[in-house]
Amino acid sequence: MEQLKTIGRELAMGSQGGWGQSKEFLDLVKSIGEARSKVEEDRIILREIETLKRRISEPDVTRRKMKEYIIRLVYVEMLGHDASFGYIHAVKMTHDDNVSHKRTGYLAVTLFLNEDHDLIILIVNTIQKDLRSDNYLVVCAALTAVCKLINEETIPAVLPQVVELLGHSKEAVRKKAIMALHRFYQRSPASVAHLLSHFRKRLSDNDPGVMGAALCPLFDLITADVNSYKDLVISFVSILKQVAERRLPKAYDYHQTPAPFIQVKLLKILALLGSGDKQASGHMYTVLGEIIRKVEMSSNIGNAVLYECICCVSSIQPNTKLLDAAIEATSKFLKSDSHNLKYMGIDALGRLIKINPDIAEEHQLAVIDCLEDPDDTLKRKTFELLYKMTKSTNVEVIVDRMIDYMISINDNHYKTEIASRCVDLAEQFAPSNQWFIQTMNKVFEHAGDLVNVKVAHNLMRLIAEGFGEDDEGADSQLRSSAVSSYLGILGEPKLPSMFLQVICWVLGEYGTADGNYSASYIIGKLCDVVEAHPNDITVKAYAITGIMKIYAFEVAAGRKVEMLSECQSLIEELQASHSTDLQQRAYELQALLGLDSHAVQHVMPLDASCEDIEVDKNLSFLNNFVQQAIEKGSQPYIPESERSGFLDVGNFKTLHHHENAGHGLRFEAYELPKPAPPVNISPAPHAPQITDTIPASEPSYPREINQNPNPSSSADTSSANFEIKLQLGGVPMKWGKPTYSSSSSSSSSGTNSNTANGVAHRDGAITAASQTRDFTYNHRRQQVEVSSEKQRLAASLFGKSSKSEKKVPSTNKASRASFPNTEKLAAKPLPAAEAPKEKISNATPPPPPPPDLLDFSESSPSIPPPEDPFKQLEELVGPSTTVAPEAHDIMGLYGLNISPVTPANRNSEEANIVVANKKGPNLRDALEKDSVARQVGVTPTGNNPNLFRDLLG
């Protein structure tokens, strides 16, 4: 009666002004709801903001009015406008003694502020006081704010109070305390690492809500470390059994399903604990079978519980009876008229076929119906299922269906995924070379540049390596099929750029290998590609490289090749191109035509894309140069770890970066500058001319010798960060094994099973309901006649294949699909400042070297003294530039005298100076690409530097 009277008073107040709110507030809500456009809504909100700014700043505003203003600010903030002018008033309202006003303040603060806001520091003391309040409503409001506002630094301020509230007399407080500890664990696991045993203890709480709240943090803990919680399997099974037997209060039922959300969380936890553990799975079989048998499929929540049961059955150790029950439930999903249930059935079937692939054959017609369903989401899920059940007997039908679907959709993201799956299936289960090449052509033609770059890498590697067998005839047939198909495709308009790159590479490598096509014909086709795509620099680069390969192979074979007029005009055009990469390739081709067959054979070896590249990591070919330089007075190389800290500009940059890394205020005094370390440097007669040196930047590749940062700077930064955090004593530290015992919990639950919550178990009623459900389902089952077309499609997808066959590629196929660490193409990365042997050996100082075809760099404007052997390496990189003026200031800051650079001490100084003029990603990558490209015959361009990374290993 008291509740009815309260409701009546509130209704009476609502008729007069809306639960104590003013008519002005109700008019605001009404006008927002009746706004016909976003512009009109914004105009209303802006007018309301001006009104609130004026009203809030007035003196003597009553608390009731301030509460209404803050609620109106919540409306303003929720509609996307700035209400920051009222944040401080919401914070002040959290200090109010009135429970209603305090809860309104906490609600507004949790909506307005985030954990890093500056006003959080004003709320911490209020939260601490409210957590110790005698009114449990105030405590609940404070715990709600804790979950939203407390950050990692303020966790120690409230942690002791939250732990104490785990033993509160009110179940709502205990539940929110568990949620607060879970939030602390998510933000800073180390801060509550000693309190994880409390989650175990709360499993035996008398209130089911507290127990259900403890399942969420336990799920996260079990996901991170399964083995530490194996002892809780029996407890979880016991709890799930009590829930399934309806021993919880009726208040936890939802659509006649007992505590479905607790069941779903328990089933997810059991799936983790039973995966790969036969003993743990044995405890779960009985309760899982009972849930599958008793669950109500008339509601969505019952279907959700049943779906989680199927997922759990597919994750734990297989059991025959459970699998049969799961298959039967899956068939009901697939035969349903609801698209949502069909989607669940397709997903469940995909999980079950991992255990037994033959399960899919029993539902082949249902799968085909889903494949032809107009619902796009269901169709995509069906394609995922077909991808999992593909075999060598049905790969053609499935891939053709996928390609047709890929052509019909406009979603570029999913089109990329479909293309990747088609390529994967074609590589693993291709029935013939011709079919494989045709499938790859369709994928590239229709997916275009959406195809992953790795797909192009794998295709070129597959064509180069073959099937991984010793059958050279099959590999030659594969390459011939690729060349023939690509020559036919070149006439089609609007081919994707990536596909054209693959075509140019294949035609350059194997266009004349089988003798079916002449060199002039292939060169003419490549010239047509360049003419048809004048704006694509990458395609031009691949085409001119392909022409170079064909001329090199013909000259090396001793055959006379006539220079085509269009090819000569193309070379002249590219020599004047704005792209330095195209200029380089054109000059290379022009120089290659003037060499004899022996030199050409060494420069461009035939079919060298699969050859291993020998790398001299120790740079032994430089030993003579180094010895000569030391004899002439050069200083020996000093390892990076033995140098003084501030001599290395890279060290200074690292320290400067660490100094600026922390954005917080520093609360301690800066250290006095330390005296510079003594350096043995010969005095210079004049001021150091740093502009004569070669500027350098920090290399982007990992070094073999790690730099040691300044320990004092890092210590200052860490101490500053540590002092900003709140340090509170009195936090209890609890270590050791938890006191919770699963056996005692099981025994106690068993003894009190009949009268646990005052609910009697009615087996007769459940049995009758189960029989009624089965009768209803059988009555609604329809017998649908299957058309002959669907039968043929089902036979091509599921039939005429051995049941023991699984989607496991053979040895030779696997080498084509995944390409593990094979011996071919195992090119190791060059170390820093390393160059191929051919480049250094041709760079002898006394006689001028002949024109080097392998030198792709621009000519250096200034030639260093001939005594310096390392300038030969710098010519491969590019001209030197000057150091920025900041470098002089950095050295002068520590009082270092630097002598001018001479050939005698250049070796030691260049070790501490990093080149700033970078034309590519870094020097090592440039040298590595040049050396590797000469062996493989393909030089990747700057526009697409990753195209051949997989090909080159």
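Within the stretch 422-445, being surrounded by fewer than 19 Cβ atoms within 10 Å (Cβ to Cβ) and within 27 Å of the chain's Cα centre (by Cα) holds for one residue alone: ASP424. Applying the criterion of at least 1 residues that are more than 22 Å from VAL109 (Cβ to Cβ) and under 37 Å from the mean Cα position of the chain (by Cα) to the helices (runs of 4 or more DSSP H) found wholly in the stretch 123-224 leaves 155-164, 171-187, 197-201, 208-224.
Determine if the stretch 532-544 includes at least one residue that is under 24 Å from MET460 (Cα atoms), among the small types (Gly, Ala, Ser) and at pLDDT 90 or above. Checked the stretch 532-544: at least one residue is under 24 Å from MET460 (Cα atoms), among the small types (Gly, Ala, Ser) and at pLDDT 90 or above. Go through (1) touching a Leu at 6+ places or on another chain (Cβ under 6 Å); (2) farther than 26 Å from ALA794 by Cβ; (3) not aromatic (Phe, Trp, Tyr) and name the single condition VAL399 misses. It fails just one condition, (2). For the stretch 290-306, the count of residues that are part of a helix (DSSP H, G or I) and within 30 Å of the chain's Cα centre (by Cα) is nonzero. Restrict the check to the stretch 397-414 and report whether at least one residue is open to solvent by less than 30 Å² (accessible area, probe 1.4 Å), more than 24 Å from HIS339 (Cα to Cα), among the aromatic types (Phe, Trp, Tyr) and modelled with pLDDT under 90. No: zero hits. A single entry from GLU41, GLU115 fulfils the requirement of being at negative phi, within 43 Å of the chain's Cα centre (by Cα) and at pLDDT below 90: GLU115.
Within the stretch 396-432, the set of residues being closer than 22 Å to LEU450 by Cβ and β-branched (Val, Ile, Thr) comprises ILE398, VAL399, ILE403, ILE407, ILE409, THR416, ILE418, VAL423. Scanning the stretch 27-86 for residues that are touching a Leu at 6+ places or on another chain (Cβ under 9 Å) and in a loop (DSSP other than H, G, I, E, B) gives HIS81, ALA83. Within the stretch 572-614, the only residue that satisfies the criterion of being hydroxyl-bearing (Ser, Thr, Tyr), modelled with pLDDT under 90 and outside any loop (DSSP other than H, G, I, E, B) is SER597.
Consider the stretch 573-594 and keep the residues that are surrounded by fewer than 18 Cβ atoms within 10 Å (Cβ to Cβ) and touching a residue at least 60 places away in the same chain (Cβ under 8 Å). The one that is farthest from MET548 (Cα to Cα) is THR580. Looking only at the stretch 113-129, residues that are open to solvent by less than 20 Å² (accessible area, probe 1.4 Å) and in contact with a Leu (Cβ under 9 Å, 6 or more places away or on another chain) come to 5 in all.
Could you tell me which residue of the stretch 490-513 is farthest from the chain's Cα centre (by Cα), considering only residues that are within 18 Å of ILE523 (Cβ to Cβ) and surrounded by fewer than 19 Cβ atoms within 10 Å (Cβ to Cβ)? Among those residues, the one meeting the criterion is ALA513.
Restricting attention to the stretch 167-188 and to residues that are of a type in the set (Lys, Arg) and open to solvent by 40 Å² or more (accessible area, probe 1.4 Å), the residue that is farthest from LEU221 (Cα to Cα) turns out to be LYS170. Of the residues THR110, THR154, the single one that is within 22 Å of LEU196 (Cβ to Cβ), in contact (Cβ under 8 Å) with a residue 12 or more places away in the chain and polar (S, T, N, Q) is THR154. Screening TYR517, TYR521 for residues that are among the hydroxyl-bearing types (Ser, Thr, Tyr), open to solvent by 10 Å² or more (accessible area, probe 1.4 Å), out of contact with any helix residue (DSSP H, G or I) (no Cβ under 6 Å at 6 or more places or on another chain) and not in a helix (DSSP H, G or I) leaves exactly one candidate, TYR517. Among the candidates LEU248, LEU232, the residue that is at pLDDT below 95, surrounded by 19 or more Cβ atoms within 10 Å (Cβ to Cβ), part of a loop (DSSP other than H, G, I, E, B) and not small (Gly, Ala, Ser) is uniquely LEU248. Quick test of your reading of the structure: TYR551 fulfils all but one of (1) open to solvent by 50 Å² or more (accessible area, probe 1.4 Å); (2) over 35 Å from the mean Cα position of the chain (by Cα). Name the failing condition by number. Failed condition: (1). Residues in the stretch 29-58 that are over 20 Å from TYR87 (Cβ atoms) and not basic (Lys, Arg): VAL29, SER31, ILE32, GLY33, GLU34, ALA35, SER37, VAL39, GLU40, GLU41, ASP42, ILE44. Show the residue pairs meeting these rules: Cβ distance below 9 Å; 6+ apart or different chains; first residue within the stretch 542-567 and acidic (Asp, Glu); second residue not in a helix (DSSP H, G or I). Listed pairs, sorted by first residue: GLU554/THR512; GLU554/LYS560; GLU554/VAL561. Per the conditions (1) without any contact (Cβ under 8 Å) to a residue 40 or more places away in the chain; (2) surrounded by 15 or more Cβ atoms within 10 Å (Cβ to Cβ); (3) within 23 Å of ASN151 (Cβ to Cβ), the sole criterion not satisfied by ILE45 is (3). The numbered conditions (1) open to solvent by less than 50 Å² (accessible area, probe 1.4 Å); (2) more than 26 Å from GLU152 (Cβ to Cβ); (3) of a type in the set (A, V, I, L, M, F, W, C) are all true for PHE85 except (1). The single condition among (1) open to solvent by 40 Å² or more (accessible area, probe 1.4 Å); (2) without any contact (Cβ under 8 Å) to a residue 60 or more places away in the chain; (3) within 27 Å of ILE316 (Cα to Cα); (4) touching a Phe, Trp or Tyr at 6+ places or on another chain (Cβ under 8 Å) that SER204 does not satisfy is (2).
Taking the stated definitions as given, is ASN340 open to solvent by 50 Å² or more (accessible area, probe 1.4 Å), of a type outside the set (Lys, Arg) and free of Cβ contacts under 8 Å to residues at least 60 places away in the same chain? Yes; evaluated as a whole, the condition is true for this residue.
Among the candidates SER476, SER485, SER481, the residue that is in a helix (DSSP H, G or I), crowded, with 18+ Cβ neighbours inside 10 Å and among the hydroxyl-bearing types (Ser, Thr, Tyr) is uniquely SER481. Within the stretch 343-352, the set of residues being open to solvent by 10 Å² or more (accessible area, probe 1.4 Å) and either modelled with pLDDT under 90 or under 18 Å from ILE292 (Cα atoms) (or both) comprises MET344, ASP347, ARG351.
The number of residues in the stretch 575-593 being polar (S, T, N, Q) and closer than 19 Å to LYS560 by Cα comes to 1.
The values are calculated or read from the model by the stated rules, or taken from the named source; none is laboratory data. Predicted, not measured: the structure shown is a model, and the values here were computed from it. Note that we place each Cβ from the backbone using ideal geometry, even for glycine, and neighbour counts take in every protein chain shown. Just so you know, the surface numbers come from the protein's heavy atoms only, side chains and all, with ligands and any DNA or RNA stripped out. Shrake-Rupley method; radii C 1.70, N 1.55, O 1.52, S 1.80 Å.
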